[in-house]
Amino acid sequence: MIAKKPPMGWNSWNTFGDKINEQLIKEMADRIVEDGYRDLGYEYIIIDDCWSLRERVDGKLVADPALFPNGMKALSDYIHSKGLKFGMYSCAGTKTCAGYPSSYGHEFSDAKQFAEWGVDYLKYDFCNFPVSGDAKNAYLTMAMALRSTGRDILFAACNWGMYDPSGSHGAHSYRSTGDIFDGPKSYKDLFISQVENVENNAPGCWNDMDMLIVGMHGNGNVGIGGCSDLQYLQHFAMWAFLGSPLIIGADLRKLDEANKKILFCKGLIEINQDEECRPPFLVDHDDTRKYTFAKLLSGNRIAIAFFNLAAEDQWTQNVGICFDDLGIHSESGIRLQLTDAITGEDLGIYEDSYATKIAPDESKVIIAQLIFPE
Ligand code: GAL
């Protein structure tokens, strides 16, 4: 099955925009393997917009030979030789968002071309759609075109929540938001906008909250002020918990140890990639300052997350959960063995409820193992 779990990988857009080339993409593939990301599940290396010549040649999209001198098939082979998967980008309109040729009216021949290049993932944007075109069904058309190739290609719709291009339109992930920028307001606004949306997550159909900004520190194409390490951790914890694809956007050659540690957080990745693939559910929130989510996991476990978004507050916030809100009433005799998913710390066994305090911008994520009475 394609995208049974949220896709994980790296994409060129957030940091590099149009400053991409073959050597850069190869170096990112090298880093993904040598620095240990691949072993954690990061597997797609995705080239975003700006890779082609400005015009089609004989009706075909052609990789810019000045940037990709050996062509896309050679790059694809290199990526595959590292045990990774290859992602590319096109758009449902007549031009991509950056003004390059795109797939409107060429869906079936472009899909064939991508399959010949060994593409495993297609990000499909939504700029420059002709007024006379059938925008509502544009994603269905490309979904059919990709299927017609016979190759397994993950279809990553990117039309910012318009025309509901979710699972019903054949997408394996669907961007339901505008673009992320590298600052705390951006990731918090995206999170708040998706709180109601994530219950639609299911195997083969993931709500894409946009690529990660962890470790960008204000550099690159969508770099604005950057975030603190605590905020990058919160952003990663939110994306992981809510079931978003985890697509790194930073320059992997420049990631510092603190930010690498965030992207390597096994407990958070485990929640994102859990075998049961359940969507999370909102337990409680206090306006837009504090959120509590839970998610059923495999192995009789439940993940619980508390997010404090109120950066402006001077004081820590009390957060907590009554197990009644998880359907666990005290007379059942069920106890919960809690582990901190971020630090790995054993928090002990609890019977009715759990409470703690978290600082501004802090997140507490817990994995609870159910202990049933004998
Ligand atoms: C936007 C998209 C971004 C990026 C950009 C490329 O529409 O949301 O993620 O792909 O286009 O031009």
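For this structure, a couple of remarks:
- Per-region count, segment 214-239, residues open to solvent by 10 Å² or more (accessible area, probe 1.4 Å) and in a helix (DSSP H, G or I): 4
- Among residues of segment 3-36, those that are more than 15 Å from the ligand (Cβ to nearest atom) and over 15 Å from the mean Cα position of the chain (by Cα), counted: 16
- Of the set (1) within 16 Å of the ligand (Cβ to nearest atom); (2) under 22 Å from the mean Cα position of the chain (by Cα), all apply to Ile153 but (1).
- With respect to (1) more than 15 Å from the ligand (Cβ to nearest atom); (2) in contact with a strand residue (DSSP E or B) (Cβ under 9 Å, 6 or more places away or on another chain); (3) closer than 24 Å to Ala98 by Cβ, the lone exception for Asp251 is condition (2).
- Residues in segment 329-342 that are free of Cβ contacts under 8 Å to residues at least 40 places away in the same chain and within 32 Å of the chain's Cα centre (by Cα): Leu336, Gln337, Leu338.
- Pairs with Cβ under 6 Å, 6+ apart, first in segment 274-292 and touching a residue at least 12 places away in the same chain (Cβ under 8 Å), second open to solvent by 60 Å² or more (accessible area, probe 1.4 Å) and not β-branched (Val, Ile, Thr): Arg278/Leu296; Pro279/Glu199; Val283/Asp325; Tyr291/His285; Thr292/Asp284
- Residues satisfying the stated conditions in segment 81-121, i.e. among the basic types (Lys, Arg) and either in contact with a strand residue (DSSP E or B) (Cβ under 6 Å, 6 or more places away or on another chain) or within 16 Å of the ligand (Cβ to nearest atom) (or both): Lys85, Lys95
- When we screen Phe307, Phe264, Phe281 for residues that are crowded, with 19+ Cβ neighbours inside 10 Å and within 14 Å of Ala240 (Cα to Cα), the only hit is Phe307.
- Given (1) more than 18 Å from Cys158 (Cβ to Cβ); (2) open to solvent by 50 Å² or more (accessible area, probe 1.4 Å); (3) not aliphatic (A, V, I, L, M), number of the condition Thr94 does not satisfy: (1)
- Of all residues in segment 132-149 being part of a helix (DSSP H, G or I) and open to solvent by 20 Å² or more (accessible area, probe 1.4 Å), the one that is modelled with the lowest pLDDT: Lys136
- Selection count, segment 113-131, where residues are open to solvent by 40 Å² or more (accessible area, probe 1.4 Å) and either out of contact with any helix residue (DSSP H, G or I) (no Cβ under 8 Å at 6 or more places or on another chain) or within 20 Å of Gly17 (Cα to Cα) (or both): 2
- Some residue of segment 336-345 being in contact with a Cys (Cβ under 9 Å, 6 or more places away or on another chain) and buried (at least 16 other Cβ atoms within 10 Å of the Cβ): yes
- Pair list, Cβ < 7 Å and 6+ apart or interchain, from segment 109-125 residues that are among the hydrophobic types (A, V, I, L, M, F, W, C) to residues that are modelled with pLDDT of 95 or more and open to solvent by 20 Å² or more (accessible area, probe 1.4 Å): Ala111/Ser148; Ala111/Thr149; Ala115/Thr149; Ala115/Arg151; Trp117/Lys73
- Checking segment 64-71 against the condition returns no match, with no residue being buried (at least 21 other Cβ atoms within 10 Å of the Cβ) and touching a residue at least 12 places away in the same chain (Cβ under 8 Å).
- Within segment 37-52, the set of residues being away from the ligand (no atom under 16 Å from the Cβ) and either farther than 18 Å from Phe86 by Cβ or crowded, with 24+ Cβ neighbours inside 10 Å (or both) comprises Asp39, Leu40, Tyr42.
- Contact annotation: residue pairs with Cβ atoms under 8 Å, 6 or more positions apart or on different chains, pairing a residue in segment 344-358 that is at positive phi with a partner that is at pLDDT 95 or above and assigned to a strand (DSSP E or B), are Gly348/Gln337; Gly348/Leu338.
- Residues within segment 136-150 that are under 22 Å from Glu116 (Cβ atoms) and of a type in the set (D, E, K, R), tallied: 1
- Within segment 182-210, considering residues that are assigned to a loop (DSSP other than H, G, I, E, B) and buried (at least 21 other Cβ atoms within 10 Å of the Cβ), the one farthest from the ligand (Cβ to nearest atom): Asn201
- Filtered residue count, segment 156-168, keeping only those that are within 16 Å of the ligand (Cβ to nearest atom), open to solvent by 70 Å² or more (accessible area, probe 1.4 Å) and either part of a helix (DSSP H, G or I) or among the aliphatic types (A, V, I, L, M) (or both): 1
- Helices (runs of 4 or more DSSP H) fully within segment 1-102 that include at least 2 residues being hydrophobic (A, V, I, L, M, F, W, C) and in contact with a helix residue (DSSP H, G or I) (Cβ under 6 Å, 6 or more places away or on another chain): 22-34, 71-81.
The values are calculated or read from the model by the stated rules, or taken from the named source; none is laboratory data. None of these values were measured; they are calculated from a predicted model. Neighbour counts are summed over all protein chains in view; Cβ atoms, including those assigned to glycine, are modelled from backbone coordinates with ideal geometry. To get the accessible areas, we keep the full protein, side chains included, count just its heavy atoms, and leave off ligands, DNA and RNA. Shrake-Rupley method; radii C 1.70, N 1.55, O 1.52, S 1.80 Å.
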